Amino acid sequence: MIRRAAFRRSWQRGFTLIELAITASILSIVTVLSVGKLLQGVHDAAAEATGSYLLAVKSAMDTYLVRHYDRLSSTPGAADLPTVANPYAPKLSELRALGLLQGGFPDLTPLNQNVATRIVTTGTCPGTGCRLDALAFTTTPVQLPGSPAPNTDLIAQVMMATAGHGGAVYPEQPAVIRGTAFSLPNPLGAVPGIVGVLASLDTTLFNEFVRLRDRRDPDLRGDLSVKGKVTIDNTLALRAPDGQTCVAANPDGSITLRCAGKLNAKTGAFLSDQGDSVRIDPVTGIVTSQRVHADTGLSTRRGTLFDVADATPTLRVNAGQMLLITSRGLALTVDGQDLVAQGGVSTRRLGLRDLAVPDQACQSSVSTAAGSSAEYARTASGGLAVCSQGTWRALASLAATGNACTPNGAIATDTASGTGLLCRLGVWGRVDDLLSSYVLVSTVLVSHAAIVPKPACGPLGTGTGVPLIYLIPQLESSKASAFTRRARDLGGHWEVQLVDYDGTPLSAQTTALAHLYCKY
């Protein structure tokens, strides 16, 4: 009984191990199947996300084609966009920079692939039949990791997510990328398994509407009203009914007026950027903040100013007088050939051409429009004469010292030295020779050995005075045959000496008069 029980327990333990092995195998199979299904789901999700990724790129390319259609179609293959290196193959980074893709849009698809773009023109470009096709495609095949061949299941998932806008390169036709509504050459040659989306644009609707950045002439036939600012990058032309351009505003800032050629301005003001102005005032006329420059001169119906035909600048008056009026009234009048000033005249020099002979007859020839006046002329010697009561009278004569003169008492100026001359006894003599240059300062009664201070001789005109002393007898009594009066110079004063012939001082009663002078 004991051996049978032991045998039964041994048999039961072996049966349990077999069951465990079978169970483990079943679990392994289930696990493998579950993991495979999970991986397939991950790949399918990535493929579907790739389709959505390509749709986002298509949307960006749609906007790109609309925005730059005119440039891309104007000269096929030669368009120029400053922010895009190749306008016919914009990169994703350039689409992001243009704001056509979200700033954080990734560079790789969910299947870890790069995407490129190509734009192809068909039809007549530019023209109504021009068509632009933009293909966005993966640069590597859609395949499972580690697999050398494209995965058609994943390709199908991508296509389903592109909403009919996608296409793929299938192994049986590797040179063509085919979609629901398009078939184009494979941009990578004959590489199968790549997928892409197509954005297309033609002029079917463009011809019916005026759009942003339209390069065509819309040729509108009605009125056009604009509430905002109008900016024109080229010439603005206004045409007459006959088609002639009457007004042209040019990009260089010039305005050309033809036809009637009139410019009507309510204020009549023209201003520069520097603040200079020209204004047509109904009261004062043309007012400018700068000079007036005219190549051929300035003129009015009353006369001409500085005509270009004049050899020298000339002011003409057709009729009447020329008047200069200031805020204080009439200042200057041109009467015939005479210039008449109503006020004072200030000038550096005054030149007289008429020659007058003193003491000969004269008559008035200057205009008296402003009243009577004194008339002056020059003399043959260079002096000045005035016409007074029908006779020329010398006012300022020039002569030479020692020459004959008439009448006595006449005054002149020496031509050599400029010294004043006086006609005396029929001869011109120097006035300073007739006038003393000694100035008596004081007279002092002195005796022998008297000390006399020198007078202080200040400057007189351009000269400096020199002190002098003259001794004149006042009371003298002596038995000597001769005696002497002299003054010894002691610097600031003199010592008086009254002595006889041998130098003996005269008596104390002997006195003299000392006349003190300043000589100039």
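Around the amide H of Leu398, modelled in the peptide plane, lie the amide H atoms of Gly383, Thr413, all under 5 Å away and 5 or more residues distant in sequence or on another chain. In this structure the amide hydrogen of Cys130, modeled in the peptide plane, comes within under 5 Å of the amide hydrogens of Thr124, Thr203, none closer than 5 places in sequence on its chain. Here the Karplus curve 6.51 cos²θ - 1.76 cosθ + 1.60, taken at θ = phi - 60°, turns the phi angles of the range 496-502 into couplings of 7, 10, 10, 9, 8, 5, 9 Hz, with x standing for Gly and Pro. Dividing the summed helix terms, -39500 (n - 2.57) for each DSSP H run of n ≥ 4, by the number of residues in the chain produces a 222 nm estimate of -6000 deg cm²/dmol to the nearest 500.
Couplings 3J(HN,Hα) of the range 507-520, computed from phi: 5, 5, 6, 6, 10, 9, 9, 9, 8, 9, 10, 10, 9, 10 Hz, in residue order, whole Hz [Karplus 6.51 cos²θ - 1.76 cosθ + 1.60, θ = phi - 60°; x for Gly and Pro].
Within the range 319-355, which residues have the backbone N less than 20 Å from the label spot 7 Å out from Ala396 along Cα→beta-carbon, could you tell me? Within reach of a label on Ala396, which here means backbone N under 20 Å from a point 7 Å along Cα→Cβ, the range 319-355 contributes 344-355.
Computed over the chain, relative contact order equals 6 percent, with contacts defined as Cα pairs under 8 Å that lie 6+ residues apart. For Lys91, the shell of other residues with beta-carbons less than 14 Å away shows a net charge of 0, using +1 for Lys and Arg and -1 for Asp and Glu. Place +1 on the Cβ of every Lys and Arg and -1 on the Cβ of every Asp and Glu in the chain, take the dipole about the Cα centre, and give the residue among Val195, Thr415, Ala237 whose Cα lies farthest towards its positive end. Of Val195, Thr415, Ala237, it is Val195. Spacing of the modelled spin labels on Gln474 and Ser507, each 7 Å from Cα toward Cβ, amounts to 1.7 nm.
Which net charge results when you count Lys and Arg as +1 and Asp and Glu as -1 among the other residues whose beta-carbon is under 9 Å from that of Ala134? Charge balance in the 9 Å sphere: 0. Taken along the Cα-to-beta-carbon direction at a fixed 7 Å, the label points for Ala319 and Arg430 span 6.5 nm. Looking at the chain, the DSSP beta bridges with both ends there are about 95 percent antiparallel.
Each of the peptides 311-318, 85-92, 397-404, 128-135 was scored by the mean count of other Cβ atoms within 10 Å over its residues; in descending order, highest first, they stand as 128-135, 85-92, 397-404, 311-318. Each residue of the range 391-402 was assigned a 3J(HN,Hα) from its phi angle through the Karplus curve 6.51 cos²θ - 1.76 cosθ + 1.60 (θ = phi - 60°); the sequence is 9, 6, 10, 5, 9, 9, 9, 10, 8, 10, 4, x Hz, with glycine and proline shown as x. Positive contributions from Lys and Arg (+1) and negative ones from Asp and Glu (-1), summed over other residues with Cβ under 11 Å from the Cβ of Glu476, come out at 0. Taking Cα atoms only, the orientation of helix 152-161 departs from the longest principal axis of the chain by about 50 degrees.
Projecting the Cα positions of Gln113, Leu355, Thr256 onto the charge dipole of the chain (unit charges on Cβ atoms of Lys, Arg, Asp and Glu, taken about the Cα centre) puts Gln113 furthest along the positive direction. The distance linking the range 267-309 with the range 106-160 is 71 Å (Cα centroid to Cα centroid, whole angstrom). Taking all Cα pairs closer than 8 Å and separated by 6 or more residues, the relative contact order of the range 438-519 comes to 50 percent. When Rg/Rh (Cα atoms, Kirkwood Rh) is calculated for this entry, the matching label among [x] 0.97; [y] 1.57; [z] 1.00 is [y]. Residue order for Asp252, Asp354, Asp502, fewest other beta carbons within 10 angstrom first, comes to Asp252, Asp502, Asp354.
Treating only the Cβ of Lys, Arg, Asp and Glu as charged (+1, +1, -1, -1), what charge dipole size does the range 323-465 show about its Cα centre? Round to the nearest 20 debye. Roughly 320 debye for the range 323-465. Scanning residues 5 or more positions from Asn186 or on other chains, those with amide H under 5 Å from its amide H are Val176, Ile177, with H placed 1.01 Å from N in the peptide plane.
Every read-out reported here was derived from the displayed coordinates using simple, explicitly stated rules and does not represent laboratory data. In this text, all values refer to a predicted model and were calculated from it rather than measured experimentally. Counting neighbours? That spans all protein chains shown, and the Cβs are built from the backbone with ideal geometry, glycine included.
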